[in-house]
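To start, the structure itself, in structure tokens.
The values are calculated or read from the model by the stated rules, or taken from the named source; none is laboratory data. Bear in mind that the values here come from a model prediction, so they are computed numbers and not experimental data. For neighbour counting, all protein chains shown are included, and Cβ atoms are generated from backbone atoms with ideal geometry for every residue, glycine included. Note: areas computed on protein heavy atoms with side chains; ligands, DNA, RNA excluded. Shrake-Rupley method; radii C 1.70, N 1.55, O 1.52, S 1.80 Å.
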Amino acid sequence: MMAAEDLPSEFDVVIVGTGLTESVVAAACSRVGRRVLHLDTRSYYASKWASFTFNALVSWIEERQASERTGGRPAPDRTHLLRDGEEPIWLRDADAASVRNLRVFCFAREEEERREGEREQEGEAHAESTVHQTSPGPSAAAGDFATLAEPVGALADGPPEDPTSGQDERSPDVGEERAPDGEESAEVGGEELTYAYLLKEGRRFNIDLASKLMYARGSLVDLLIKSNVSRYAEFKNVTRILTYRSGAVEQVPCSRADVFASRQLSMVEKRKLMRFLTSCLEEKEEPEAHAGGSYSEFLRERQLGDNLRHFLLHSIAMATEDTPTPAGLASTRHFLRCLGRYGNTPFLFPIYGLGEIPQCFCRMCAVFGGVYCLRHPVDCLLLDKSGDRCTALIDGGGRRIAAAHFVLEDGFLPQRAPSGGSISRGVLITDRSILAGDRHQVSLVTVPPAEAGLPAVRMVELSPATMTCAPGTYLVHLTCRSRLGSAYEDLAPTVDAVFRPARSPERDSRPAVLWAFYFNTDDGGETEGGRRPSDGGETEGESRPSNVYVCSGPDGELGHERAVRRAEAIFHKIVPDQDFCPAAPNPEDIVYDGGGGEDTAAEQQLQIEE
């Protein structure tokens with residue numbers, strides 16, 4: 001980090017935004033010796049990929065709601081900084097249009113309500129004791145604590161450094177929609193799960209704005225291992241693949257052990273499923289022969305029953321009824337090839353939340369000389385009209401910072417209007433898991449659409465073992481492609497079916513929702529009109545200066561393939577003759593040769609042992 005007034009006036013690469021793609025580009029450029037300045041107008045790392053404590057998220061919601069009401073700050077006059085032949089490209093608030101339709105519900109009781117309820121219960125108990133002259137019985141046992149952690153493995157050998165969420169705890173003062181009174185909230189360790197408890201334990205939450213998982217053989221895991229960035233974080237296996245159908249949550253048999261242990265499948269179904277999965281892995285099924293039909297029809301042609309088609313289509317291929325056969329087979333094969341590398345499912349999740357990953361790459365960039373400035377306003381890029389290149393950036397303090405290349409999060413550019421694609425996101429804090437089992441479970445749940453034309457909903461349920469929620473609670477992320485206009489409209493039917501409000505008069509086995517947050521964000525994999533950007537971030541028909549590269553935010557897919565491909569494509573345009581993110585040296589591999597005399601920093605020569 002560097003104070004804004006101490007910034008040099010020239011760099012090789014200036015990057016605005018600290019999302020995953022921008023952070024990978026920053027780390028890769030810094031690793032090969034380029035001078036990198038990495039800016040963000042926000043006060044936190046990871047941009048749209050960030051993780052927040054509960055208190056910081058409440059404050060962030062309040063800021064976004066205030067921004068919607070007031071709009072962004074007016075553009076200052078920078079004409080006196082322009083040189084002959086230059087014109088400004090004004091930058092905007094990156095979150096202003098991309099995050100919208102925010103709705104917050106609190107179903108946990110307020111502290112005052114809890115105390116009033118206790119007084120009423122005490123009064124009723126006293127009255128009953130007076131009338132019946134009976135002594136009170138033994139008190140109920142306190143609820144069990146959910147343990148905070150269990151042994152987790154890093155992707156590389158050796159103990160990783162302790163990651164932190166990097167977010168500040170802020171004021172929780174924000175208006176929330178309240179549910180009607182009903183039953184009391186659950187307890188943990190004798191303490192009721194009230195809203196006050198969520199605030200008190202707020203720093204134990206790490207709530208992601210983007211909900212994704214890491215494929216065990218995906219491009220992000222490969223990059224983390226190749227670059228040695230994996231030593232900065234720890235990861236936990238996703239332990240269960242679940243699906244919701246016929247009003248119940250079921251476990252999906254996806255590995256050989258799961259298939260033969262499953263009680264949901266008959267012996268005939270088990271043999272059919274194993275034969276089909278084996279043929280997919282051996283690529284005996286040629287997608288070209290079925291290119292004209294859907295994957296659902298293809299599975300039906302293979303005489304797979306309703307059970308198997310449901311599991312394969314929705315939970316393994318994670319496809320829709322209209323997904324073409326080649327795409328469905330490719331998704332199925334990718335799922336199967338990721339099985340067994342780190343656990344019994346294809347997925348990993350970073351301890352402390354997804355926002356840790358961009359911060360890990362920022363750390364690598366800083367180790368190799370990258371300069372970081374958060375809370376740093378940016379006003380405009382300066383375009384040299386004669387050469388169709390940007391020559392400098394003007395920041396909020398009126399400083400001119402020259403660079404050969406500029407990388408920006410797409411929300412900063414005014415010509416990139418909100419995309420035609422939108423993602424509906426929901427975040428729930430619940431009192432227990434949607435499927436009873438080991439309390440350290442991390443689950444991926446698919447909820448197929450209730451009717452044609454509606455999107456499938458993907459849920460990721462995180463336990464306290466992931467360090468993303470407080471003891472006694474679970475964190476549930478819901479994601480789908482928006483179809484009905486707002487995240488609440490898209491996701492509320494699924495939430496109503498699988499969960500119940502904490503103060504609902506209904507008493508059943510469904511988990512109780514203590515707090516809920518819904519919002520829409522742009523789909524980083526789609527652009528207006530349904531056109532998708534190339535790996536370099538450009539959209540067909542879109543023009544921009546030749547040395548300006550754009551990074552989109554999170555897309556609607558489960559993995560990180562598009563973000564990593566885009567980062568690599570941008571890096572090779574900036575540095576075409578260098579390896580992308582070569583391994584950073586381990587501290588024990590560094591040998592300092594003082595060359596005699598005093599061992600000063602200026603005399604040290606860095607050598608890497610092979």
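Quick notes on this structure:
- Across K48/K226; K385/K573; K226/K573; K226/K385; K212/K573; K48/K272, pairs whose alpha-carbon gap is larger than 31 Å: K226/K385; K48/K272
- For the range 19-69, the Stokes-Einstein estimate of translational diffusion at 4 °C and a viscosity of 1.567 mPa s comes to 101 µm²/s, using the Kirkwood hydrodynamic radius over alpha-carbon pairs.
- Global geometry of the range 218-334, whether rounded, prolate or oblate, following the gyration tensor of its Cα atoms and the 1.5 cut on a/c: oblate
- Using a simple spin-label model with pseudo-atoms 7 Å out from Cα toward Cβ, A66 and S509 lie 4.6 nm apart.
- Measuring only protein heavy atoms, the 1.4 Å probe finds E557 accessible over about 90 Å².
- Peptides ranked, highest mean first, by Cβ atoms within 10 Å: ranges 265-273, 350-358: 350-358, 265-273
- Heavy atoms of F105: accessible area, 1.4 Å probe, square angstrom to 10: 20
- Residues in the range 1-64 average 25 Å² of solvent-accessible surface per residue, probe 1.4 Å, ligands and nucleic acids excluded.
- The protection proxy used here, the mean number of other Cβ atoms lying within 10 Å of each residue, ranks peptides 81-87, 497-503, 455-461, 431-437 as follows, highest first: 455-461, 497-503, 431-437, 81-87.
- Solvent exposure ordering (accessible area, 1.4 Å, most first) of K226, K212, K200: K200, K226, K212
- Candidate cross-link partners of K270 among the lysines, defined by an alpha-carbon separation under 27 Å and a same-chain spacing of 8 or more, comprise K284.
- Rounded to the nearest angstrom and listed largest first, the equivalent-ellipsoid semi-axes of the range 333-430 from its Cα gyration tensor are 37, 20, 17.
- Once all protein chains are placed together, R399 keeps about 80 Å² accessible to a 1.4 angstrom probe.
- With every protein chain in place and a 1.4 angstrom probe, the accessible-area ranking of Y45, Y295, largest first, reads Y45, Y295.
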